[in-house]
Each structure stands twice: as structure tokens, then as C-alpha cells.
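Asker: Dumping the structure here so I can ask a few things about it.
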Amino acid sequence: MSYSLALENGDLHATGSRLDIVQGSAKLAQDIDLWLREAYQIDRFHPNFGSILDSYIGGVVSVSTQTEVQSEVLRVLQNYQNIQLSRFQANPQKFSPDELLNDVTGVTTQVAYDKVVITVNFTTAAGTAATSSLTVTP
């Protein structure tokens, strides 16, 4: 099982003088949020990492924009799942079933001139249904 430091509004979350951690499906939801917020190709070692969701802000919102945003979300999640699978195959004891992305059951998007709101419904390999919601702003 792995864990990450808990984030809240982009900052480390602490209880008293201790940093909080997330694990299981909460870690998976946080990972999804981070992957969707990260700018595309910012990591030279992982050129497919990140998304171009911020490029939909400030432009013309057409009928196809929502479909394009959903497609970008699914591309990022597929990339995440591929990397997660290769890490799992190399070292399966590092993962719990609740932190493995099994299926994306729905992606809902709302595109406005100044923001993109995304909700991702997914299930883990343990069968847990969870949701990750985020708002991308400039």
C-alpha cells in the first residue's frame, strides 16, 4: 500500500503539527486531481504527463468544446492507468486494490469562458465507487 501527503486547495493539510496522509481511494482521487491540473509536457521525463485543460479557458465555447474536454480527461486518465499498471506489474505489493484505477464510469464537464469544471466518477480495483471533482481556472 502506498500513500501521499494530503493536499487541500493545493497546500499540505496538517492536523496540529502533523502532516496528514491519504491512501486508498482518497489517494486515487487526489492523484486524478493532480494529473488533470498539471500542465501538459511540463515533465521532461514523462512527456505525456499532464493535460491541456487550461487551454479551453478564455476561448470560444462551442458545442464541440465539451466533447473535447471530456476526451482530454479520458486521455489523461488512460495515461495514468497505463503508468499505474506498469508500476503494479513491477512491484504489486506496493499497491492496495483501493488505489488502483479500474474503470472510469463517467466524466461530466461544464465549460465556461473563465473556468472548466470536471467531475470524474470511477471505481477502484476493490470495487469502491468514488468521485474526483475539480475546477480549472487560469
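All of the numbers you see were taken from the coordinates with simple rules; none came from a lab. Quantities reported herein were computed from a predicted structural model and do not represent experimental measurements. Note that we place each Cβ from the backbone using ideal geometry, even for glycine, and neighbour counts take in every protein chain shown.
Asker: Anything in the range 1-44 that is under 21 Å from L101 (Cβ atoms), outside any loop (DSSP other than H, G, I, E, B) and either among the polar types (S, T, N, Q) or in contact with a His (Cβ under 7 Å, 6 or more places away or on another chain) (or both)? List them, or say none.
Answerer: The answer is S4, L7, Q23, S25, Q30.
Asker: As an exercise: evaluate D43 against (1) acidic (D, E); (2) out of contact with any Ser or Thr (no Cβ under 9 Å at 6 or more places or on another chain); (3) touching a residue at least 12 places away in the same chain (Cβ under 8 Å) and give the number of the one condition it does not meet.
Answerer: So D43 meets the others, but not (3).
Asker: Same structure again: Is it the case, given these coordinates, that I57 is in contact (Cβ under 8 Å) with a residue 24 or more places away in the chain, among the β-branched types (V, I, T) and in contact with a Phe, Trp or Tyr (Cβ under 8 Å, 6 or more places away or on another chain)? Lay out the reasoning, then the answer.
Answerer: Working: in contact (Cβ under 8 Å) with a residue 24 or more places away in the chain: yes; among the β-branched types (V, I, T): yes; in contact with a Phe, Trp or Tyr (Cβ under 8 Å, 6 or more places away or on another chain): yes.
Yes: the conditions hold for I57.
Asker: On to the next question. How many residues does the range 45-76 hold that are among the hydrophobic types (A, V, I, L, M, F, W, C), closer than 17 Å to L101 by Cβ and either more than 14 Å from the chain's Cα centre (by Cα) or surrounded by fewer than 16 Cβ atoms within 10 Å (Cβ to Cβ) (or both)?
Answerer: Number of matching residues: 1.
Asker: Of the residues that make up the range 45-55, is at least one under 29 Å from D11 (Cβ atoms), in a helix (DSSP H, G or I) and in contact with an Asp or Glu (Cβ under 7 Å, 6 or more places away or on another chain)? Quick ask: steps written out before the conclusion?
Answerer: Within the range 45-55, the subset under 29 Å from D11 (Cβ atoms) is 45-55.
This time we only want the ones that are in a helix (DSSP H, G or I), so: 53-55.
Still in the list and also in contact with an Asp or Glu (Cβ under 7 Å, 6 or more places away or on another chain): 53.
So far as the range 45-55 goes, yes, one or more of its residues are under 29 Å from D11 (Cβ atoms), in a helix (DSSP H, G or I) and in contact with an Asp or Glu (Cβ under 7 Å, 6 or more places away or on another chain).
Asker: If you don't mind, there's one more thing I want to ask. Suppose we keep only residues that are assigned to a helix (DSSP H, G or I) and free of Cβ contacts under 8 Å to residues at least 24 places away in the same chain within the range 88-116. Which one would you say is surrounded by the most Cβ atoms within 10 Å (Cβ to Cβ)?
Answerer: Our first condition is that a residue be assigned to a helix (DSSP H, G or I); within the range 88-116, this holds for 88-90, 92-94, 97-99.
Within this subset, residues satisfying the condition of being free of Cβ contacts under 8 Å to residues at least 24 places away in the same chain are 88-90, 92-93.
Values: F88: 15, Q89: 8, A90: 8, P92: 9, Q93: 7.
Here the answer is F88.
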